[in-house]
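Student: I'd like to ask some things about the structure below.
No value in this document is a laboratory result; all are computed from the given coordinates. It should be emphasised that the depicted structure is a prediction, and the values quoted were computed from it without experimental measurement. Backbone-built Cβ (ideal geometry, glycine too); neighbour counts: all protein chains shown.
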Amino acid sequence: MRYSTAVKDDARRLLTDLRALGAEAEKLIENSATELTDGALARLRQQFHSAQERFGEFYGTAREKTIAGARYTDQVVRANPYRSVLVAAGIGLLAGFLIGRSYGSDE
C-alpha cells in the first residue's frame, strides 16, 4: 500500500514538472519573435533536466517493483505448481466464458 502511494506521488510530480516544462516552452515560442534571454533559456533547461531526472527516478522505481513482483510470482508458482496451473486454467475459462458471452449477445 505504501509503495503504490509513493509511485503515485512520483508520477504526479513528474506530470507537474512536464506541464511546467511545456508551459515554459510555450512562452518561449510565443516570444520567439522577440529576443530570447539567457535567463529564459536557462529556466527551460533547468525544468527539462528536472523533469528528466524525475522521469529517470520514476522509471527506476517502477522497474525495480516490476522485477520484484515477477520474482515473487515466480517463487509462488514454483512453490505451488499444481495450484498455479489450476488458477490459470480457471481464469482462462472465466475469460473465455465472458468473451464468448459478450460476442454472443451482439447477435
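Student: What are the radius of gyration and Dmax of region 43-87, computed over its Cα atoms and given in Å?
Tutor: Using the Cα atoms of region 43-87, the pair Rg, Dmax is 18.4, 58 Å.
Student: Give a residue-ordered list of calculated ³J(HN,Hα) values for region 92-100 (Karplus: 6.51 cos²θ - 1.76 cosθ + 1.60, θ = phi - 60°; whole Hz; x for Gly, Pro).
Tutor: x, 5, 4, 4, x, 4, 5, 5, x
Student: Mind giving me the nanometre distance, one decimal, between the label points for residue 63 and residue 8, set 7 Å out from Cα along Cα→Cβ?
Tutor: If labels sit at residue 63 and residue 8, their model points lie 2.6 nm apart.
Student: I've got another one for you. Could you give me the ³J(HN,Hα) list for region 19-25, computed from phi with Karplus coefficients 6.51, -1.76, 1.60 and θ = phi - 60°, whole Hz, x at Gly and Pro?
Tutor: 5, 4, 4, x, 5, 5, 5
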